[in-house]
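Student: Handing you this structure, nothing more for now.
The values are calculated or read from the model by the stated rules, or taken from the named source; none is laboratory data. As the structure is a computational prediction, the values presented were derived from the model and not from experiment. We place every Cβ from the backbone using ideal geometry, glycine too, and count neighbours over all the protein chains shown. For the accessible areas, the whole protein counts, side chains as well, though only heavy atoms, and no ligand, DNA or RNA atoms are used. Shrake-Rupley method; radii C 1.70, N 1.55, O 1.52, S 1.80 Å.
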Amino acid sequence: MSALLLDGHVFAGEILAKVKIDAKALRDSGRPAHLAALIVGHAGASEVYLRNQKKACAEADVDFELHQLAETVTEPEAITELGRLNADPKVTGIILHQPLPPHIDERRMREALDPAKDVESMTPANFGRLVMGQFTIAPSTASAALEMARRARPDMTGLECVIIGHSEIVGKPLALLLLQSARNSPTVTTCHIATRDLRLHTLRADLLFVAAGVPGLVKRDMVKPGATVIDIGINRVKGADGKTRTVGDVEPGVADVAAHLSPVPGGVGPITVAVLLRNSVQLAQRSNPTR
Ligand code: NAD
């Protein structure tokens, strides 16, 4: 079998086409969507994501501003900056980039973010709404991975689904999104670093999502023939030629057994940016008193 590669750029283009129409309507109303990105210290792993966000905002006519605080900033100072963005009427959405330096408590930062401007649905209030199924926007990477999988498997009812990774930004919200339907959800198993026998689980999976941040973690002999495999991992590795390139968490050989595989780069990544913009536009629409 040779897996069908799921092209994230195509799906992202479809999402962005609609975003552009909505962003233009907001601009015409005099209250454009305006995304503020807050980073503490170096962007690190977020650098590519940030660059792509900026580019996509420019293309979709969504205003974008970057607030990069020094690595040495104190937690109260970072919270004050967040409070300033919360209070700024022109800012309609805020994304808090991770990771934060160890001296800054990520949970306290998330609590300080205005839920009405929370484009990644990471505040306790919005995460709680996700648990209860009372949400309109969801964390962008988890949404992107699910939307990509749905293209390949529109009906997931009762499928065996395995997620590798249980972070609050990817694995946990993805499990919650997959379990939204009372009758048509797949059966979801979430694996993580303490899972005893990963292969035991992955071999059962009709749908396999991988978000561990470990290059080549999933090998060909760990995948059920005909499975849909969504590789969310983004890892920068140095090749034998000394050049650094981006790879996922899934070995390329998996394409020989899977029915569908999302490539890295060019898979979930572009869709994540498109969903982030869609979230930003939706929050701006909600905050726009003229609509
Ligand atoms: P994280 O470090 O917060 O979490 C990693 C998760 O993987 C944890 O649940 C951990 O228990 C699990 N894990 C680690 N090693 C494992 C192993 N050997 N076996 C089983 N489970 C293991 O990472 P994160 O923020 O969730 O990101 C995960 C990956 O997704 C990273 O590569 C990141 O760059 C990528 N990512 C991609 C996008 C995108 O747009 N495509 C967005 C965010 C993150």
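Student: At 1.567 mPa s and 4 °C, plugging the Kirkwood radius over alpha-carbon pairs of the range 1-155 into Stokes-Einstein gives what diffusion coefficient in µm²/s? Each step should come with its number before you reach the end.
Tutor: On the way: Rh = 17.1 Å.
Taking Rh from Cα pairs, D becomes 76 µm²/s.
Student: Return the sequence-ordered ³J(HN,Hα) values of the range 62-75 in whole Hz as given by the Karplus equation 6.51 cos²θ - 1.76 cosθ + 1.60 applied to θ = phi - 60°, using x for Gly and Pro.
Tutor: Result, ordered by residue: 9, 5, 9, 9, 10, 10, 9, 8, 5, 4, 8, 4, 7, 4 Hz.
Student: Next up: Which shape class, rounded, prolate or oblate, goes with the range 116-182 when its Cα gyration tensor gives a ≥ b ≥ c as root eigenvalues, a/c under 1.5 marks rounded, and past that a/b bigger than b/c marks prolate? All intermediate terms of the calculation are to be shown ahead of the outcome.
Tutor: On the way: a/c = 1.80, a/b = 1.68, b/c = 1.07.
Taking the square roots of the gyration eigenvalues as a ≥ b ≥ c, the range 116-182 is prolate.
Student: Let me ask something additional. Work out from phi, with θ = phi - 60° and the Karplus expression 6.51 cos²θ - 1.76 cosθ + 1.60, the ³J(HN,Hα) of each residue of the range 231-245, listed in order in whole Hz, and give x for Gly and Pro.
Tutor: Coupling constants for the range 231-245: 9, 9, x, 10, 10, 9, 10, 8, x, 4, 7, x, 8, 8, 9 Hz.
Student: Report, by chain and number, residues whose modeled amide H sits under 5 Å from the one on Leu6, excluding near sequence neighbours (fewer than 5 apart, same chain).
Tutor: Under 5 Å from the amide H of Leu6 lie the amide H atoms of Leu261, Ser262, each far enough along the sequence or on another chain.
Student: Rounded to the nearest 10 Å², what accessible area does Phe64 have for a 1.4 Å probe in the complete protein model?
Tutor: 50
Student: Multiply the residue separation of Arg150 and Asp105 by 0.36 nm, subtract the distance between their alpha-carbon atoms, and state the gained length in nm to one decimal. Write down the numbers at each step before the final one.
Tutor: Numbers: separation 45, 0.36 × 45 = 16.20 nm, distance 3.51 nm.
Here the answer is 12.7 nm.
Student: State the percentage of accessible surface on the range 148-284 attributable to carbon and sulfur atoms; use a 1.4 Å probe and exclude ligands, DNA and RNA. Walk me through the numbers before you get to the answer.
Tutor: Details: 3230 of 5990 Å².
The nonpolar share, carbon plus sulfur, comes to 54 percent.
Student: Another question, then. What's the ranking of 241-250, 254-263, 276-285, 173-182 by average number of surrounding C-beta atoms within 10 Å, highest first?
Tutor: Values: 241-250: 15.7, 254-263: 21.7, 276-285: 25.2, 173-182: 18.4.
Result, highest mean Cβ count within 10 Å first: 276-285, 254-263, 173-182, 241-250.
Student: Next question. Lys55: which aspartates and glutamates have alpha carbons under 15 Å from its alpha carbon, excluding same-chain residues fewer than 8 sequence positions away?
Tutor: Lys55 reaches Glu47, Asp63, Glu65.
Student: Once you have the Cα-Cα distance between Ala182 and Gln134, take 0.36 nm times their residue separation minus that, and quote the gain in nm to one decimal. Please report the intermediate quantities before stating the final value.
Tutor: On the way: separation 48, 0.36 × 48 = 17.28 nm, distance 1.36 nm.
Answer, rounded to one decimal: 15.9 nm.
Student: Summing -39500 (n - 2.57) over the DSSP H runs of n ≥ 4 in the chain and dividing by its residue number, what mean residue ellipticity at 222 nm do you reach, to the nearest 500 deg cm²/dmol? Before the final figure, lay out the partial values.
Tutor: Details: 9 runs with 110 residues, N = 291.
Computed mean residue ellipticity for the chain: -12000 deg cm²/dmol.
Student: Now a separate question. Once you have the Kirkwood Rh of the chain from its Cα pairs, apply Stokes-Einstein at 37 °C and 0.692 mPa s and quote D in µm²/s.
Tutor: Details: Rh = 19.7 Å.
Taking Rh from Cα pairs, D becomes 167 µm²/s.
Student: May I pose another question? Take the residue pairs Lys20/Lys238; Lys20/Lys243; Lys54/Lys117; Lys18/Lys238; Lys54/Lys238; Lys172/Lys238 and return only those whose Cα atoms are more than 28 Å apart.
Tutor: Where the Cα-Cα span goes over 28 Å, the pairs concerned are Lys20/Lys238; Lys20/Lys243; Lys18/Lys238; Lys172/Lys238.
Student: With Cβ to Cβ distances under 12 Å as the rule, what net charge do the other residues near Val210 carry (K, R +1; D, E -1)?
Tutor: -2
Student: Given Cα pairs under 8 Å that are at least 6 residues apart, what percent is the relative contact order of the chain?
Tutor: For the chain, the relative contact order is 25 percent.
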